[in-house]
Every structure is written in C-alpha cells, then in structure tokens.
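J.: Below is a structure I'd like to ask you about.
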Amino acid sequence: QVRLVESGGGLVQAGGSLRLSCAASGSIFSIPAMGWYRQAPGKQREAVASITSGGITNYADSVKGRFTISRDNAKNMVYLQMNSLKPEDTALYYCAGVLPDYFYWGQGTQVTVSS
C-alpha cells in the first residue's frame, strides 16, 4: 500500500508558476507510472501528465510546453512544474500511482490562477 500526499498548491496570478510535489509513503520504484490529474468544479477529473518508471513522459495537449513532470525514485517523490499558468488551470490537482488494475490517489492540492 502506498500513501500519496500532495503539496505546493496555492493562489497565483496568470502567467505565474507553481511547483507541486507528491510524497509517497512507500517505494514508487515498482509503480509503472506516476501521474498528475486535475478536477475543476463541475468538470470531470482529467489527466494532466504522467511519467513511467523509465522516465517516459506524456502530457495533455492543454499543458504541453508549460508543465513538466518528473520523479525521483530514490526520494519517492513526484513533481509537477507548472509555468505560464492560466485561469483555466484552476483545479484540484491529484497525484496518482498508476498500476494495470489499480490507482493510488492522494487527497489533492488546490491550484487557483487569478486573471
């Protein structure tokens, strides 16, 4: 069992940056992929970015070129660097551990981007 705890959210003006962190209570080395998801009020949860254990990354079209996901297996940490933030990036951001038939979820961290 792996427990995920997100941090780093907050209120930022449009064009600003935030760095989200996800701390895992156990080893993430064997988890095939780690990801960040977000859910805005009244909308479905959507995938933002993912990174495999081998370092292969994937991004939603809406964040490509602005967000960067990384992982540190030695520290059991996953990060999401968010630059050039837009008001439409406002959401509750979740860290996830992705296995073939199971997801580990954190509790989420709120990101609010003001115009």
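The values are calculated or read from the model by the stated rules, or taken from the named source; none is laboratory data. In this text the structure is predicted, and so the values were computed from the model without any measurement. In this analysis, Cβ positions are derived from the backbone assuming ideal geometry, glycine residues included, and neighbour counts consider all displayed protein chains. Just the protein is used for accessible areas: all its heavy atoms, side chains included, with ligands, DNA and RNA removed. Shrake-Rupley method; radii C 1.70, N 1.55, O 1.52, S 1.80 Å.
J.: Quick one: pull the percentage of alpha-carbon pairs in the chain with a separation above 19 Å.
T.: 39
J.: In percent, how large is the relative contact order of the chain, given Cα pairs closer than 8 Å and 6 or more residues apart?
T.: With pairs under 8 Å counted, the relative contact order is 37 percent.
J.: If you take the charge dipole of the chain about its Cα centre, with +1 on Lys and Arg Cβ and -1 on Asp and Glu Cβ, which of G10, A96, T109 is farthest toward its positive end?
T.: Farthest towards the positive pole: G10.
J.: Any idea what Rg and Dmax come out to for region 51-115 if you just take the C-alpha atoms, in Å?
T.: 12.9, 39
J.: Of K43, K86, which has the most accessible area and how do the rest follow, probe 1.4 Å?
T.: Result of the area sort, largest leading: K43, K86.
J.: Given the whole protein assembly as supplied and a 1.4 Å probe, what does the accessible area of F29 come to in Å², nearest 10?
T.: 140
J.: Then there's this: So how far, in whole Å, is the C-alpha centre of region 2-45 from the one of region 82-115?
T.: 5
J.: Between Q39 and Q1, what FRET efficiency comes out of the Förster formula 1/(1 + (r/R0)^6) with R0 = 30 Å and r the beta carbon distance, rounded to 0.05?
T.: With R0 = 30 Å, the Cβ-Cβ based efficiency is 0.80.
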